[in-house]
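The values are calculated or read from the model by the stated rules, or taken from the named source; none is laboratory data. Since the model is a prediction, treat every value here as computed from it, not as a measurement. Glycine also receives a Cβ, built like all others from the backbone with ideal geometry; neighbour counts cover every protein chain displayed.
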Amino acid sequence: MKPVYAISENIISSLGFNTLENMESLLRGTTGISLQHNETLSAHPIPLSLVDSLKLEEHFEAVLEEFDKKQQASAFTRLEKMLIISVADAIRGFSVKPESEQTILVLSTTKGNIDLLEERLKGSFDPKRIYLWALASLLRDFFGFANTPLIISNACISGVVALITASRILRSGKYQTAVVTGGDIATEFVISGFQSFQALSPEPCKPFDLHRTGLSLGEGCGTIVLTSRLPDHGFEKIMVMGGSVSNDANHISGPSRTGEELSMAISKAISESGIERNSLDFISAHGTATPFNDEMEAKALSLSMLNDVPVNSFKGYWGHTLGASGIMESAALIGSMRLNCIIKSAGYESLGVSEYINVAANKIYTPVSTCLKIASGFGGCNAALVFQKS
């Protein structure tokens, strides 16, 4: 089977519009979650992580000029602008040829242009733009991708599943390069849904902490370029290793109470990667800061005998970004590998789960060569993916 490498990453969040800006904020311990008074999103002020709208427009205008596009910025939705900026940044400076038959675009999202259902936006865009295939087609046409895009929409594991799927396709030899992008925006639809669960925290979330009070929502995009061709740039080579998906079928919104099914995905990902459990240096958890998710992940890591491996959650920095989370957090994990630094888990002070896990309470500079990314989502879905320096 062909090896697969991650050669370029982009992160767009409340902390910045590229990976460097985001990593600098993560290293400083800066959170992008703040109290927002926006009645188009929520009738009451809530903590959210939002992408700066003015900077979004500035960056998008620059991309339109770069790609010599004649359309007006107003012809694109907020999410479309974010995804286009993210993909443009990830492929810039690398020998990625969208027009090649050897290149595939993979899109991860849970809700896409769901804001087009809102009364204030009705009539502004073709109603078909709400369909995920229409969003993927717009991205294909903007960049000139030759192949029909692949769409992954599987709750909050979508981003990790997109990376697993893309890496498997590349290993099969069907394509040489995959541009894997994912995004979701903060909308009244999404926020009201989590409010109905009473799952939102009144303060920035605190994953795995004893005093956590729920999750924080965010919006953002991430893009990771994968290739089966040996990279020729100067970075350390990051290989995308084994991955696995499972489903516990416990409840439509509640995760497994035992963690066995996520542990199964972890074990299969490790086995497929051909590594030993004790070689893992760092785990990027899903870490939503809800009572049930954090508890389930802790049990899964304990069942997988990974209690002592440093683990963090990036959601204390930019919130839960839904279909973007797996890609954004994988990009940050890759950034950590390049910097040989484990980012502290924002908001964490003392352990608040029943099983001991080694949550990173502080930033740690240490060799980081082999890492695990895990994710879980509504419907009982779980995913695990291993990255390794080669």
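Here are some notes:
- Among residues of region 156-189 being polar (S, T, N, Q) and not in a strand (DSSP E or B), the one that is nearest to Gly379 (Cα to Cα) is Ser158.
- Residue match in region 4-13 (condition: over 27 Å from Gly93 (Cα atoms) and not charged (D, E, K, R)): no
- Of residues in region 1-50 being in contact with a Leu (Cβ under 6 Å, 6 or more places away or on another chain) and without any contact (Cβ under 8 Å) to a residue 40 or more places away in the chain, the one nearest to Leu200 (Cα to Cα): Pro45
- Scanning region 1-10 for residues that are charged (D, E, K, R) and not in a strand (DSSP E or B) yields a count of 1.
- Boolean, Val96 is within 22 Å of Ala166 (Cβ to Cβ) and modelled with pLDDT under 95: yes
- Residue match in region 141-150 (condition: at pLDDT 95 or above, of a type in the set (Gly, Ala, Ser), surrounded by fewer than 19 Cβ atoms within 10 Å (Cβ to Cβ) and farther than 27 Å from Phe387 by Cα): yes
- Within region 154-194, being hydroxyl-bearing (Ser, Thr, Tyr) and out of contact with any Lys or Arg (no Cβ under 9 Å at 6 or more places or on another chain) holds for Ser158, Thr165, Ser167, Tyr175, Thr181, Ser192.
- Of the helices (runs of 4 or more DSSP H) contained entirely in region 11-124, those carrying at least 1 residues that are in contact with a helix residue (DSSP H, G or I) (Cβ under 7 Å, 6 or more places away or on another chain), basic (Lys, Arg) and under 30 Å from Gln195 (Cβ atoms) fall at 78-91.
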